[in-house]
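What follows is a short report on a single structure.
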Ligand code: 4FV
């Protein structure tokens, strides 16, 4: 990310919502109408902060990070990586006043079903996942298409030197130099791992005839 920012492939700017708060104490939160614990982010400071951002030729998307959003995934990362500008709104306290959603938000994203203290870490996750899909960010043209979820499956097991570690050997096929055998072994391992750990992904994955044949044999073995 540092290299991407230094090489101006990615530009990350911060807007402090408190700079748009009013009153002596520049409060950004208040008690929830209807009672209850915790505080809510006031709509005014967030609304004014959003208004202060110069939009890049209109192709900008305002994203609110919150547990109520659709779950962020690689497909969403690819989609958002095509935008020229993303404005990521990071909540605090119990969340932002609903009228921010109703007036200013294009989409809502969650990075997972757990509660953080603020949306900042979720925004950082989104920034990293999207930035590495921009051309020139990954060193040595490392293809991000081979990543996990690149084709909707979990990645195959990876090995490097030494050949034997803790008494465990690198699978001989990977030492064979037979690229077709290696491709097939990796595909089988990806399908096997996905079937065992994330069968839900198989519904969405783009599977070839060869994949379906391999899956057939794997399902027989179960
Ligand atoms: C969250 C998530 C998240 C909720 C209240 C911030 C917190 C606090 N954001 N994915 N999970 N946000 O937990 O995106 O304001």
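Any read-out appearing in this document is the output of simple, stated calculations on the displayed coordinates, not a laboratory observation. The shown structure was predicted, so the numbers you read here are calculated from the model rather than taken from an experiment. Cβ sites come from the backbone with ideal geometry, for glycine too, and all protein chains shown count toward neighbours.
The simple spin-label model puts a point 7 Å past each Cα toward its Cβ; for residue 6 and residue 24 those points are separated by 4.8 nm.
How far, in degrees from 0 to 90, does helix 120-131 lean away from the longest principal axis of the Cα atoms of the chain, to the nearest 10? Its long axis makes an angle of about 50 degrees. Note on residue 16 and residue 61: the extension gain reaches 14.3 nm, defined as 0.36 nm multiplied by sequence separation minus the Cα-Cα distance. The range 97-139 and the range 192-222 have Cα centres separated by 30 Å. The angle between the Cα long axis of helix 179-197 and the main principal axis of the chain comes to about 50°, on a 0 to 90 degree scale.
Computed from Cα atoms, the angle from the helix 209-221 axis to the main principal axis of the chain rounds to 80 degrees. The distance between label points at residue 124 and residue 93 comes to 2.4 nm (points 7 Å beyond Cα on the Cα→Cβ vector).
From the square roots a ≥ b ≥ c of the eigenvalues of the alpha-carbon gyration tensor of the range 74-127, which class results: rounded (a/c under 1.5), prolate (a/b over b/c), or oblate? Because a/c hits 1.5 or more and a/b fails to exceed b/c, the range 74-127 counts as oblate. The alpha carbon convex hull volume per residue for the range 48-177 rounds to 159 Å³.
The smallest convex shape that holds all Cα atoms of the chain, its convex hull, gives 209 Å³ per residue. Residue-normalised convex hull volume from the C-alpha trace of the range 1-84: 161 Å³ per residue. Sorting 90-103, 175-188 by their mean Cβ neighbour count within 10 Å, with the most densely packed peptide first, gives 90-103, 175-188. Taking every alpha-carbon pair under 8 Å whose residues sit at least 6 apart, the chain reaches a relative contact order of 17 percent.
Start at zero, step by 5 Å, and the Cα-Cα distances of the range 160-216 spread as 4, 16, 22, 19, 15, 13, 8, 2 percent across the bins.
Assuming R0 = 30 Å, what is the FRET efficiency of residue 103 and residue 37, from their Cβ-Cβ distance, to the nearest 0.05? In this case the efficiency is close to 0.70.
Highest average first, the peptides 125-132, 32-39, 113-120 ordered by how many other beta carbon atoms sit within 10 Å of their residues are 125-132, 113-120, 32-39.
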